Structures are given as structure tokens and as C-alpha cells.
Amino acid sequence: MPQTALIDLSSRHVEISPTPERLVRAFLGGRGLNMHYLRKHLRQAGDPRHLDPFDPANPLIFGAGLLTGTIAPNAARFNVSAKSPESLGLGDANCGGFFAAAMRKTGFDRLIILGKAERPSYLFVEGGNITLREADGLWGTTSPRAQEMLKAAHGPGTVSAVIGPAGENKVRMASVMTGLKNTAGRGGMGAVMGSKNLKAIAAKGGEPIPVADKPALTAARKEQTKYLQESRVIQVLGKVGTPFLYEVSNRLGAIRTRNSQDNSFEDTLAASEIEKYSDKMLACTSCVVHCRHRNT
């Protein structure tokens, strides 16, 4: 059964409980469950319309998808949700990489973070346990450097979601990063994290994820993998990467430019131009697309 952790940074109290099956069936996981808990905790804090996003009562929620960490293809993502300091409305950012699977393999599919740590801190999650640790040596570092330091401290298999100096200084569009390229970039979730004096969440997962019907999941995986690999869009993404999506969106006039005053750029870089800077395509956890560039 998936578990949800309610973490109060102010009191250093952690409450762990099974994620109710009725909620899993209603919202599945990821953003759906995040929205349920965000609504619940914002209402408990008072009138959400008047809550400062940097108030310690603003919940910061990390939630992984229901299939993340299993053998299901392309199940690698997590959502970070809070009241947004950028829009002052609902904030939600989606991110790939390896953190979501690592978090789920620690025994948790969701971390709900309230309060504010007394000093710069980070959360270490392993084997169903969560500890709040001092981050004095991490504070002020870039997101790649912070991840390197956390892996050195906790060993191989440690995957982190972190903020850099922008998040620490509550820049309102700051992101949460994991790896070099994966970004929970919408809504200023990194700024909310910084307002809580929380530098990082480091997850070291080794727990198996229970599956109700392994033969059925294996069969579905085989079917979906075949479907994805035969898709022309997936084939192109695997060759030129996600810049292809940007290129198509720009042609369709489906992106925001010039502070949302326009919907495309006249002069833009073709996705194929990036190929000469890449020597290999990589993938997030269990993904068959391989849309990440390994740059030369």
C-alpha cells in the first residue's frame, strides 16, 4: 500500500500513514492526489486567497505517479504542488528523471511538507524513514553541486530533488531540479521550497513496489511498449529529443513568448541542429523514448 508522509519542518514531526485506497482509485496519483491534498491543507490554513505563498502554512507536496518505479513503460514522473508565488493561484510542476522512482522505492508515494525549518535543512528518505538534517554546507551551492554532495554523503543510489541560489532567495519563478536537466519549472515551486529553508530532498530507494497482478502488468507493459515504439512521434522524439516538441509548438503558435504578448518566435532553432552537439540519447526511469541528449 502506498504511504503518504506529512512532514512539519517547524516541529520536526513526521506522520506516516497509508494513502487511502479510495483516494488512489479516485485520483490515481501524481497531480490528482496532489490537488486533493493541496486543497485540504490550504483550507485548513484559512482562506487560500489570502495566504502568502511564502507563509509556512503553504503546503509543498511531492507526489509520484501510481505506476512510477514499476516496470510500466514511461512511468518516471512526479509533481510538485503548492500555492504559486508566481501566479498567486494553483501551482503545479511536473518533472521526469530518476527522483520519483527513488522516492517510491523508499516506501512513499507522497511527501506533504508544512512549516519552515529553523535553519537551512534537507530531508533524507530511506527505508520508510524520514529525517531532517542540517544543510549549512549545501546552502548557497548550485543544484548540480548540491546533488553531488548529497550523493557523496549518502552513497550510490541517492537521488535528490534540490533548489539552487534562486530558490534559496525566493525568486518567484525558481525551479526544483533533479539531475542536470530535469526541472519542475512551473509556478515557482523552488521559491516555496526556499521559503521553508529546505534545500533538498534526498531519496535512497531500495524497497520493492508491491504490484497486485504482476502477470497482468507484464502483459500490459509488453503491449504498451510495442505501441510506443511503433509511434512515429515517439521515433522522432527518440532521434532529436524534446526540442522537437518545442519546434512543433512554435509552428502552431502554441507557446508563450515576450511575457505572453505573443505565441511564437519568428527565428528559432530547429531541433535537428542540436544533433551535432549530442553523441547519444538517454532515458528517464523505465522510459522507452530516450529523448534526453548526452551532450559532447
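Worth pointing out:
- Close Lys pairs in segment 128-272 (alpha-carbon distance under 16 Å; sequence gap of 8 or more, or different chains): 5.
- Across segment 1-137, the convex hull enclosing all Cα atoms gives 120 Å³ per residue.
- Sequence-distant residues sharing a close amide H with Ile113 (under 5 Å, placed H): Ile7, Leu60, Ile61, Phe62
- The relative contact order of segment 101-183 comes to 20 percent, based on Cα pairs under 8 Å that sit 6 or more residues apart.
- Span from the segment 140-201 Cα centroid across to the segment 14-39 one, whole angstrom: 24 Å
- Rg(Cα) / (2.2 N^0.38 Å) computed for segment 107-185, rounded to two decimals: 1.08
- Mean separation of Cα contacts under 8 Å (6+ apart) over length of segment 60-212, as relative contact order %: 29 percent
- In order along segment 189-199, the phi-based Karplus estimate (6.51 cos²θ - 1.76 cosθ + 1.60, θ = phi - 60°) of 3J(HN,Hα) comes to 5, x, 5, 4, 4, x, 5, 8, 6, 10, 7 Hz; Gly and Pro are listed as x.
- Each of Ile255, Ile112, Ile16 was scored by other Cβ atoms within 10 Å of its Cβ. Listed from fewest to most, they are Ile16, Ile255, Ile112.
- Unit Cα scatterers, Debye sum, the chain: log10 I(q)/I(0) for q = 0.11, 0.13 Å⁻¹: -0.69, -0.96
- Taking every alpha-carbon pair under 8 Å whose residues sit at least 6 apart, segment 173-242 reaches a relative contact order of 17 percent.
Read the figures in this text as sums done on the coordinates, not as results from a lab. Since the model is a prediction, treat every value here as computed from it, not as a measurement. Note: ideal-geometry Cβ built from the backbone for every residue, glycine included; neighbour counts use all protein chains shown.
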